[in-house]
Amino acid sequence: MEPIIIVHGGAGDIPQSRVKGKLDGMKVAVTAGHECLMKGGSALDAVEAAVMTMEEDENFNAGYGSVLTLRGEVEMEASIMRGSDLNTGGVTLVKEFLHPISIAHKVLTDSPHSLLGGEGAKIFALEKGFKTIPSESLISEHAKKALQHFLEHGEFGRTEIGPKDEGGVGTVGAVAIDRNGHIAAATSTGGMSGKAVGRIGDTPQIGSGTYADDHIGAVSTTGHGESILRYCLAHSIIKLMESGKDAQTATTIAVNGMTARLKNTAGAITLSKNGDVGIHFSSKRMSWAYVKDGHIFYGINPDEVLKEEYNPGNNC
Ligand code: GLY
C-alpha cells in the first residue's frame with residue numbers, strides 16, 4: 001500500500017503574521033514523516049518524527065513555543081496510538097523535556113500504563129534516558145506575549161481571542177499509514193494560554209485528541225480542549241467512518257457537530273484505512289499538509305488547497 005501522512009499545526013484565529021511560519025513548518029513536518037515512511041519506517045515512527053519537528057519550532061504550541069499557564073510556566077501534553085493493537089501512550093503536565101511525543105511513544109512501548117503525568121512522567125522519562133532541559137528554555141517571546149494578552153483581555157474557554165493572541169494556537173498532530181497498512185496517530189500541545197496550573201486538556205486523552213485503529217483509520221484533533229474532550233471528537237470521527245462515512249464527510253460532520261453543540265471551534269485531520277484524506281476546521285484557520293503523487297498539498301484558510309513539488313529531506 002502507498003504510505004501516506006497528514007500533519008496539522010493547530011486550529012484557531014491564527015494572525016496573518018504567523019501564516020508563513022506555520023506553512024513552512026508544515027512542509028518540514030510532513031517531509032520528515034513521509035521520508036520516514038519511504039524508508040520503510042512504521043506509521044508510529046513517522047508520526048513521531050513529524051511531531052518532533054513541530055515541537056522544535058516556535059511557530060507551534062508544542063515543545064519549544066508552548067503556551068503558558070497562569071503562573072507563566074509550560075505544562076505540555078502528548079499522546080500517540082498504534083492502530084494494529086490499539087496500544088496507546090500519553091503524558092501530561094510535562095515541564096522539562098523538548099519532546100513530550102517521544103516520551104509518550106516510550107510509554108506506549110515500555111510501560112504497562114497508558115498515561116503518565118507530572119512527576120511520574122518525569123521519573124519514567126529519566127529512567128528511559130531522556131535528558132531534562134530548563135523549562136524556561138521552552139518559553140518563547142510569542143508565548144509570553146500571548147499570556148500577557150490573555151491576562152489583559154482573555155476569557156478562558158474561547159479559542160478565538162483576537163489577532164494579538166500570537167501564541168495561543170497551534171497544537172500539532174500527525175496521522176499516517178505505512179507500507180504494511182498499519183496506522184498511527186500522534187498529537188502534542190502546550191494547551192491553552194492562561195490555563196490553570198494542572199489543567200489537562202484533550203490532547204493526551206485517547207478518543208479526544210488522538211485515535212488510531214487499523215480496521216478503521218486515524219484522527220488527530222486541535223482546538224478548544226474542553227469541548228473536544230466532552231465530544232470525544234477523535235472517536236466520534238472514527239465511529240462515523242466505522243458506520244460507512246468517508247474520511248472527509250466524517251471529519252466535517254463531527255467537527256461541525258461539536259461546534260454547533262458546544263459553541264467552540266476545533267479542527268481535525270483524518271485518514272481512513274484505505275488512505276482517504278479528511279481535513280476540516282470550524283476555526284478561522286488551521287494549517288495542514290500531506291504528500292501525494294510527488295507533490296505537497298497544504299493550506300491554512302478554509303477551502304484553500306495549495307500545491308508544490310515535493311523535495312524529500314533526510315529526517316528519519
Ligand atoms: N487542544 C489543546 C488544548 O486545548 O489543550
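Quick look at the values:
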read-out: Neighbour-count ranking [beta-carbon atoms within 10 angstrom, fewest first] of Lys95, Lys20, Lys239; value: Lys20, Lys239, Lys95
read-out: Net charge over other residues, Cβ less than 10 angstrom from the Cβ of Asp57 (K, R count +1; D, E count -1); value: -3
read-out: Partners for Lys131 among aspartates and glutamates (Cα-Cα distance below 14 Å; same-chain residues under 8 apart left out); value: Glu96
read-out: Pairwise label distance in nanometres, Val197 with Lys307, each label 7 Å out on the Cα-Cβ vector; value: 5.2 nm
read-out: Restraint check, Lys106/Lys245; Lys39/Lys273; Lys20/Lys273; Lys195/Lys273; Lys27/Lys284, Cα-Cα greater than 24 Å; value: Lys106/Lys245; Lys20/Lys273; Lys195/Lys273
read-out: Mean Kyte hydropathy of -1.0 or more with a Cα span along the axis of at least 27 Å, helices from DSSP in the chain; value: 19-38
read-out: Charge sum, other residues only, whose C-beta stays under 12 Å from Val47's C-beta, Lys/Arg counted +1 and Asp/Glu -1; value: -2
read-out: Estimated [θ] at 222 nm from DSSP helical runs (n ≥ 4, -39500 (n - 2.57)) normalised by residues in the chain, nearest 500; value: -10000 deg cm²/dmol
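Rule-based calculations on the coordinates, nothing more; no lab input. Remember, predicted model here, so these are calculated numbers, not experimental data. Positions of Cβ are backbone-derived with ideal geometry, glycine not excepted, and every protein chain shown enters the neighbour counts.
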